[in-house]
Structure formats: structure tokens, C-alpha cells
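**Q** Quick one: structure below, then a few questions.
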There are 2 protein chains.
Amino acid sequence: MAEILVKVDELAKRLLAALVAEGVHDEAAAATTKALMHASLLGIDSHGARLITHYCKVLRGGRVNPRAAVSCHRTGPATAMVDGDNGLGHLTAYRAVAVAIEIARESGIGAVGATRSSHLGAAGPYALAIAEAGMIGFATTNTDSIVGLFDGAEPFHGTNPLAFAAPVTGEKPWLLDMATSSIPLNRVLLYRSLDKELPEGVAADAAGAPTRDPDVAQMLLPLGGAGFGFKGAGLAGVATLLSAVLTGTTLDPDFIPMVNSDDISTPRNMGHFFLAIDPARFAGANIFAAGMRAYLDQLRAVPAIDGGKVMAPGDREWAVKQQRLRDGIPLDSDTAAFLNF
Amino acid sequence: MAEILVKVDELAKRLLAALVAEGVHDEAAAATTKALMHASLLGIDSHGARLITHYCKVLRGGRVNPRAAVSCHRTGPATAMVDGDNGLGHLTAYRAVAVAIEIARESGIGAVGATRSSHLGAAGPYALAIAEAGMIGFATTNTDSIVGLFDGAEPFHGTNPLAFAAPVTGEKPWLLDMATSSIPLNRVLLYRSLDKELPEGVAADAAGAPTRDPDVAQMLLPLGGAGFGFKGAGLAGVATLLSAVLTGTTLDPDFIPMVNSDDISTPRNMGHFFLAIDPARFAGANIFAAGMRAYLDQLRAVPAIDGGKVMAPGDREWAVKQQRLRDGIPLDSDTAAFLNF
């Protein structure tokens with residue numbers, strides 16, 4: 001697919017404008033733009049600017065409410081529920097995170113469930129926002145079925161991400177933002193277009209049998225592959241239990257599919273879950289900071305295998321961000337056209 | 001290795017007696033026995049009764065304090081720290097879990113860090129104890145280096161487990177108790193004795209190169225294998241950040257090795273981390289219970305691949321427990337001899 005390089009500020013401006021043109025209010029447009037720019041800058045292109053076309057479509061269709069009035073209900077000294085009013089998931093998620101941080105400052109930890117939300121993009125930006133407030137952050141969501149169970153012949157879980165972040169003095173946060181599938185769906189599509197064999201144990205055919213043929217692959221296998229996929233499937237379940245079961249929102253198989261559905265007018269009632277943990281209430285902020293320093297120094301001192309490179313979670317993504325801030329962001333031609341580049 | 005079948009009650013009695021004979025006080029002896037019996041009953045034999053020999057050795061050596069006075073310090077409306085006084089980790093962990101549950105009843109979520117603890121056996125029993133109190137439970141710990149980083153040529157993390165549990169009305173809890181390595185160390189040892197090839201991407205030689213030869217394997221690879229091990233390594237890091245960095249205890253590479261160390265007199269200052277989340281403070285206990293029911297019904301209705309079986313986390317273990325309660329627990333000959341069977 002042809003790509004063009006666009007300037008960072010210009011991309012952010014056009015994303016914002018595209019949302020505002022759909023009637024999205026300022027706070028929501030800013031939240032969605034921030035989340036998309038996070039992904040586009042860090043190299044997570046599947047969850048970056050390219051989603052704008054989809055969001056505009058579902059805003060127009062009525063699935064997503066452009067004028068959402070997000071509300072928050074405190075349910076305990078350390079817990080709250082946020083109702084997204086069927087608006088853009090990024091707004092709901094950033095609001096929930098702000099509440100989680102506020103609660104954690106008071107109580108040491110804050111746990112916030114979100115209901116009546118929608119696709120929040122990548123989960124990383126929300127864990128990151130908590131780390132930027134000096135705390136350990138966790139964010140998760142469930143989504144529609146595309147990943148198999150261990151030994152399962154049909155897709156069951158979504159790619160259900162788990163994102164964790166932690167502050168590091170003097171550098172960018174430690175940041176793990178991972179799908180609980182073995183491989184991202186986009187990687188399968190890429191290998192299909194490249195006519196390249198998939199790694200072993202990451203995808204399965206329509207009957208659930210592992211396949212290395214990207215043209216035959218119809219579902220993703222859970223993290224852990226053919227032999228240990230029960231772990232990835234279990235972790236996908238953790239995302240569902242926290243995001244959907246705990247909040248009373250939609251289970252993975254019950255979702256109206258995000259894409260490839262004729263129904264773009266019915267809200268999907270997606271749930272999310274966020275945690276903020278304040279190090280000040282455990283060993284203390286200074287001991288925590290020294291521990292993160294020691295942990296990362298030890299980790300980065302581990303020798304690499306030939307041709308490899310040892311990195312902490314986020315190291316690769318922060319390097320991509322530096323490079324893209326300098327050189328611009330690659331945009332596929334469809335998205336570029338949609339944004340009038 | 002020759003095995004004998006022993007009666008459940010008799011095994012529990014002898015484990016308790018062995019600990020008491022080392023001067024361990026009643027509460028600690030009961031906690032350790034409970035945790036070991038959990039693992040032995042559920043088929044997690046690596047973390048079951050066989051550990052008694054090791055615990056007795058380190059109790060005698062002075063590494064572990066048989067008369068530990070565990071103390072708890074409430075640090076916020078939703079947080080606490082528990083000091084294990086260098087006693088048996090199972091006592092520290094069960095105490096921490098009791099505190100987490102109490103806090104969660106008050107505040108909606110309870111987060112407890114543990115310091116000056118020691119090996120807690122499997123992490124599952126502690127998440128399970130929280131589920132048995134009607135809440136979602138999470139338990140984690142870090143341990144000494146045996147698992148590689150993605151692209152790393154030396155072991156870095158421990159097998160750092162993540163355990164989650166959730167209550168299910170009318171049946172045993174949903175229970176995920178997983179190491180963040182691709183494969184358990186014991187599996188490698190088993191394949192070595194069977195002269196059987198390992199699966200691809202689960203273990204590496206002394207230089208970090210993936211190997212399928214169990215005789216050559218010197219370290220475990222993180223969950224996700226050769227291509228996606230950055231996920232497992234990141235999750236192992238989550239365990240370390242919560243258990244050690246947040247609590248100010250020992251980082252994985254700094255531990256005195258659990259086994260194969262001449263030093264059995266110095267405490268290891270191991271940390272753990274526990275969360276209890278009360279569904280009553282989110283969508284409510286009834287909606288949560290209905291959601292768990294719907295989730296499990298949907299999951300178990302997924303067709304299996306040929307020769308496979310679709311199960312929820314814990315299904316296999318609870319079935320093993322039923323069978324072992326009936327037939328007895330298989331014990332290796334060394335442990336059987338140690339316990340005078």
C-alpha cells in the first residue's frame with residue numbers, strides 16, 4: 001500500500017477537524033486526536049490515524065454519540081463507574097483515568113469501570129496518562145471475537161489488550177501495551193499481501209487448526225501459541241472479566257462487529273477498566289523511583305543474542321516517536337485521501 | 001521417578017507435622033500446608049507437597065523464620081503493607097489477602113504489598129482465597145532469574161506468576177494461575193528424562209539461542225516464544241514492578257537462588273502484591289454473577305478442534321482435584337521418604 005509522510009502537527013490538526021466536522025464536541029475531539037496521535041507517533045499504526053475513517057463513519061451512522069455527556073459515579077472510597085453516554089471511547093477512557101488518578105491520590109489505588117463506551121483505540125495511552133501522573137497505570141478493554149480459545153474451533157475473545165505503564169525518573173515511562181493474541185490481525189493481513197509464511201502457532205484456519213498460510217488464516221491464536229495458548233486465552237478472559245463482566249457491559253461474542261457490520265447505528269455498550277496505583281502508599285515514591293532505575297539498568301545491561309537487541313517495554317516505541325517527530329508520520333493512501341493530504 | 005499414591009488427609013497431616021517439628025508456629029504451619037495441599041490437589045505438583053523438603057531445609061538453615069510475627073501497616077483507605085518478618089511466604093500471603101479483602105469491603109478495592117517474605121508456593125491459592133470471599137482476586141510475586149528477555153542471552157526474570165480468580169455462583173471459581181515463561185522448568189526436566197524434543201520457542205541454550213534439545217536448554221523463554229516473547233517478558237516485568245519495585249524488595253537478578261545456593265541462612269526479602277476487587281462497587285454483585293454465568297456458558301459452548309477440549313481457566317485443575325480427592329495424591333519417592341510414607 002502506498003504511503004506518504006505527513007507532518008505531525010498537520011496530522012493532529014486534520015484529525016481534530018475531521019471529528020469536529022462530524023459534530024463532535026471539543027473535549028471528545030481532543031481526546032480522540034490525542035489517542036490516535038499517541039499510536040501514530042509510537043508506530044502502532046493499526047490504532048493510529050487510519051481509524052479516523054471508521055470513527056467518522058460510525059459517528060455519522062449514529063453508533064457513536066458526538067455530543068456525549070460523560071458522567072462519573074463514585075461507588076466507594078477507591079472505586080468509581082464512568083458512563084460514556086455512547087460517545088467516543090477515548091473521551092470516556094481519559095475521563096475514567098483522570099478519576100482513577102484522583103481517587104488513587106486520596107486512597108492509594110483507584111479502580112474505575114466504564115460503561116456505554118466505544119472503541120478506545122490502543123489501550124496504552126490511558127495507562128501512560130496514569131504513569132505521567134507518577135503512578136503505575138493499568139488499562140484494559142474487551143472487543144469482538146477474533147481470537148480462538150485453547151483447542152477452540154471458533155473465535156471467542158477479542159484481541160483484548162492489557163496495557164501497563166510506570167513512571168521512570170528522567171526518561172519516558174516503562175510502557176507495555178499488548179494484545180492477548182499471539183499476533184496482531186494486521187500482521188496476518190500484511191503477510192497475506194507479501195505472500196509470506198506466518199510463524200508457527202499464531203493463527204488458525206476456519207476450523208481452528210493452526211496454519212502458517214496467511215490466506216487460510218481465519219482466526220488468531222491466543223498468546224502462547226499451539227502449546228501454551230491457554231495462557232493467552234486466560235489473559236484475554238481477564239480483560240473480559242474486568243472490562244465487561246465487572247461493569248455489566250457487552251461480552252466479546254455479543255458485540256456488533258466493529259467493522260464489517262451493516263449496523264452502524266446501534267451503540268455497542270463497550271466496557272473498560274482502569275487502575276491507578278500510587279507508589280507513595282507502598283514503599284514510597286523515592287524507593288519506587290530507585291527501584292525502577294535499578295530494574296531498567298539491570299535489564300538493559302543483559303547481553304543480547306547475535307543480531308538482537310535487549311529493550312524494556314516501550315523502548316522501541318519511544319525511539320519510533322523520536323524518529324517520527326523528526327521525519328513525519330507515514331500514512332496509507334486511503335487515510336491520506338480522507339484527510340485531504 | 002517412582003511415585004506412590006497417598007491419602008489426602010494423611011498428606012496434609014504429615015506436612016503440618018513436618019513444619020511443626022521445625023519449630024514453625026501453628027498459623028504458619030497451617031498456611032503453608034493449605035497452600036501446598038492446594039497445589040497437590042489441583043495437579044500443580046511442582047508447587048505442592050514436594051516443596052516440604054526445601055522449606056524444612058531453609059527453616060533449619062535460618063533463611064526462613066519459623067516464629068514469624070507478621071505485621072500489617074495500613075497506608076491509605078485502600079492500601080496496606082504487610083511485613084512477613086522473614087517467615088514462610090504462605091503465611092505472609094494469606095495474611096495479606098485477608099487484609100486486601102477487608103479493605104475491599106470498605107473501599108471497593110484493596111491493594112496490599114508484602115515485604116520480607118519468602119517463597120509462597122503457587123500464586124493461585126491467594127487469588128482463590130479472594131474469589132472465595134466473593135471478589136476478583138489477583139496475586140503476583142517475582143523470583144530468581146531463570147527466564148530470558150526477548151533477544152536476551154542470559155536469564156533475567158523469574159518465572160514470575162500472575163494469578164487471577166473470580167467467583168462463579170454454584171461452581172468452583174474461575175482460576176488462572178500462570179507463569180510468565182513459555183513453559184515450566186519442570187517440563188524441561190521431564191522432557192530431558194524422557195529424551196523428548198521440546199516444542200519450538202520455549203527454551204534456549206546458555207547463549208540464549210532457542211533450542212528444542214532439553215539437554216541443551218539452560219534458560220526458559222518468556223511466554224510468546226521466539227517471535228512474541230516481548231509480551232511474556234513484559235508481563236514478567238509487571239510481576240516484578242508490582243511485587244518488588246513497588247514494595248522496595250529484591251529484584252529478580254539480586255535474589256539468593258531459591259535452590260542450588262550454599263547460603264540458606266540469609267533471608268531473601270521477597271515481595272508480593274495482591275488485589276481484591278469487590279463487584280458490589282461496580283455493576284453490582286448480581287449483574288457480575290449473571291455475567292460470569294453467561295461468559296462461562298458461552299465459552300464452554302465453543303466447539304473444540306478434533307481431539308481437543310475447550311475449557312475455562314481452572315476447569316482442568318478442579319477436575320484433577322475431584323479425582324485426587326477420590327484416589328489420593330501421587331508423591332515422588334524422595335518426598336514420600338521424607339514424609340515417612
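The values are calculated or read from the model by the stated rules, or taken from the named source; none is laboratory data. Note that the structure is predicted; figures quoted are calculated from it, not measured. Note that each Cβ is placed from the backbone with ideal geometry, even for glycine, and that neighbours are counted across all protein chains shown. Areas reflect the complete protein model, heavy atoms only, side chains present, ligands, DNA and RNA absent. Shrake-Rupley method; radii C 1.70, N 1.55, O 1.52, S 1.80 Å.
**Q** Whole Å is fine, so just give me how far the alpha carbon centre of the range A:250-298 lies from that of the range A:1-44.
**A** 21 Å
**Q** Accessible surface of residue B:53 in the full protein assembly, 1.4 angstrom probe, to the nearest 10 Å²?
**A** Around 50 Å² of this residue is reachable by solvent.
**Q** Which value, in Å to one decimal place, does the Kirkwood hydrodynamic radius take for the range A:33-131 when every pair of different Cα atoms is included?
**A** Evaluated on the range A:33-131, it is 13.9 Å.
**Q** Could you give me the percent of Cα pairs per 20 Å distance bin for chain B, shortest bin first, beginning at zero and ending with the bin that holds the maximum distance?
**A** Reading upward from the zero bin: 29, 61, 9.
**Q** Here's something else I'd like to know. Most fluctuating residue of B:183, B:305, B:146 in a GNM of chain B with Cα springs under 10 Å: which is it?
**A** Comparing B:183, B:305, B:146 in the GNM, the peak value goes to B:305.
**Q** Still on this structure, I have one more. Check residue A:87: other-chain or 5+ apart residues with amide H under 5 Å from its amide H, H built from backbone geometry?
**A** Those lying under 5 Å, H to H, from residue A:87 are A:65.
**Q** Quick one: order B:254, A:315 from most to least accessible surface, probe 1.4 Å.
**A** Solvent-accessible surface, decreasing: B:254, A:315.
**Q** Measuring nothing but label to label, 7 Å from Cα along Cα→Cβ, what are residue B:337's distances to the other copies in nm, shortest first?
**A** Here the equivalent label points are 7.7 nm apart from this one.
**Q** Just to verify a number: FRET efficiency for residue A:304 and residue A:193, C-beta to C-beta distance, R0 = 35 Å, to 0.05?
**A** 0.70
**Q** Please name the residues of the range A:186-207 whose accessible area, counted over protein heavy atoms with a 1.4 angstrom probe, falls by no less than 40 Å² between the chain alone and the full protein assembly.
**A** Correct list: empty.
**Q** Pop out a list of residues from the range B:272-292 that are at least 50 Å² less accessible with all the protein chains around than in their chain alone; 1.4 Å probe, no ligands or nucleic acids counted.
**A** B:281, B:282
**Q** Counting pairwise Cα distances across the range A:81-158, what percent come out greater than 16 angstrom?
**A** Working: 1627 of 3003 pairs.
More than 16 Å apart: 54 percent of the Cα pairs in the range A:81-158.
**Q** Of all the accessible heavy-atom surface of the range B:274-325, with the other protein chains kept in place and a 1.4 Å probe, what percent is carbon and sulfur?
**A** Carbon plus sulfur share of accessible area: 53 percent.
**Q** OK, next. Any chance you could check the range A:129-173 for residues losing 30 Å² or more of accessible area when the partner protein chains are in, compared with the chain on its own (1.4 Å probe)?
**A** Buried-area filter returns A:136, A:149, A:151, A:153, A:154, A:156, A:164.
**Q** Next question, about the same structure. Please compute the modelled spin-label separation between residue A:171 and residue B:2, points set 7 Å along Cα→Cβ, answer in nm with one decimal.
**A** Distance between the two pseudo-spin positions: 5.5 nm.
**Q** Once ligands and nucleic acids are excluded and a 1.4 Å probe is used, how much of residue A:56 is accessible, expressed in Å² to the nearest 10?
**A** Spelled out: residue A:56, probe radius 1.4 Å, area about 0 Å².
**Q** Among all the lysines, which ones have a C-alpha under 20 Å from residue A:13's C-alpha, if same-chain residues fewer than 8 places away are not counted?
**A** Of all the lysines, those that pass the test against residue A:13 - Cα under 20 Å, at least 8 places apart if same chain - are A:34, A:57, A:321.
**Q** Follow-up. Could you run the numbers on buried accessible area between B and A, total for both chains, 1.4 angstrom probe, in Å² to the nearest 100?
**A** 6200 Å²
**Q** For the range B:127-196, which trypsin sites (Lys or Arg not before Pro) pass both filters: DSSP loop (anything but H, G, I, E, B) and at most 12 other C-beta atoms within 10 Å?
**A** Numbers: sites: B:187, B:192, B:196; in loops: B:196.
Listed in order of number, the matching sites are B:196.
**Q** What percent of all Cα-Cα pairs in the range A:115-165 falls in each 10 Å bin, counting up from 0?
**A** 26, 39, 26, 9, 1
**Q** Across the residues of A:295-308, average count of Cβ atoms on other protein chains within 10 Å?
**A** Mean inter-chain Cβ contacts per residue within 10 Å come to 6.
**Q** Additional query: Taking every Cα atom in the range A:154-223, find the radius of gyration and the maximum pairwise distance Dmax, and write them in Å.
**A** Here Rg and the maximum Cα pair distance are 15.1, 50 Å.
**Q** If each label sits 7 angstrom from Cα along the C-beta direction, how far apart, in nm, is residue A:259 from its counterparts in the other copies?
**A** Those label-point separations list as 4.9 nm.
**Q** What FRET efficiency would be calculated for the residue pair residue B:27, residue A:132, taking the C-beta separation as r and a Förster radius of 35 Å, to the nearest 0.05?
**A** So, using R0 = 35 Å, E works out to roughly 0.25.
**Q** In percent, what relative contact order does chain A have, based on Cα pairs under 8 Å that are 6 or more apart in sequence? Walk me through the numbers before you get to the answer.
**A** Details: 776 pairs, mean separation 74.5, N = 341.
About 22 percent, as a whole number.
**Q** Need the C-alpha centroid separation for the range B:84-154 versus the range B:175-209, integer Å.
**A** 24 Å
**Q** Take the Cα atoms of the protein assembly as shown, find their three principal axes, and give me the spread along each one in whole Å, biggest first.
**A** Its Cα atoms span 79, 52, 49 Å along the three principal axes.
**Q** For the range A:268-282, just list the computed ³J(HN,Hα) in residue order, Karplus coefficients 6.51, -1.76 and 1.60, θ = phi - 60°, integers in Hz, with x standing in for Gly and Pro.
**A** Taking θ as phi minus 60°, the curve returns 8, 6, 7, x, 9, 8, 9, 10, 10, 10, 8, x, 4, 9, 10 Hz for the range A:268-282.
**Q** Over the range A:112-192, what percent of the accessible surface lies on carbon and sulfur atoms, probe 1.4 Å?
**A** So the carbon and sulfur contribution to the accessible surface is 56 percent.
**Q** Leaving out ligands and nucleic acids, note down the accessible area per residue over the range B:61-159 with a 1.4 angstrom probe, in whole Å².
**A** Details: 2460 Å² over 99 residues.
Accessible surface, normalised per residue, equals 25 Å².
**Q** Ok, one more. Express the accessible area of the range B:222-277 per residue in Å², computed with a 1.4 Å probe while the remaining protein chains stay in the model.
**A** For the range B:222-277, the per-residue accessible area is 26 Å².
**Q** Taking the Cβ-Cβ separation of residue B:316 and residue B:10 as r and a Förster radius of 22 Å, what is the calculated FRET efficiency to the nearest 0.05?
**A** Taking R0 as 22 Å, the efficiency between residue B:316 and residue B:10 is 0.30.
**Q** Separate question: For B:311-323, what's the mean count of beta carbons from other chains sitting within 10 Å of each residue's beta carbon? Don't skip to the end; give the middle numbers.
**A** Numbers: counts 6, 5, 8, 1, 0, 1, 0, 0, 0, 0, 0, 0, 0.
Averaged over the peptide's residues, the number is 2.
**Q** Please compute the length gained on full extension between residue B:212 and residue B:285, using 0.36 nm multiplied by the number of residues separating them and subtracting their Cα-Cα distance. Don't jump to the answer; show the numbers that get you there.
**A** Values: separation 73, 0.36 × 73 = 26.28 nm, distance 4.73 nm.
Gain in length upon complete extension: 21.6 nm.
**Q** Work out how much length residue A:334 to residue A:60 would gain on full extension: take 0.36 nm times their residue separation and subtract the Cα-Cα distance, in nm to one decimal. Write down the numbers at each step before the final one.
**A** On the way: separation 274, 0.36 × 274 = 98.64 nm, distance 1.86 nm.
That pair, residue A:334 and residue A:60, stretches by 96.8 nm at full extension.
**Q** Follow-up question, since we're still on this one. Give me the aspartates and glutamates in straight-line cross-link reach of residue A:7: C-alpha distance below 16 Å, same-chain residues under 8 apart excluded.
**A** A:45, A:327, A:332
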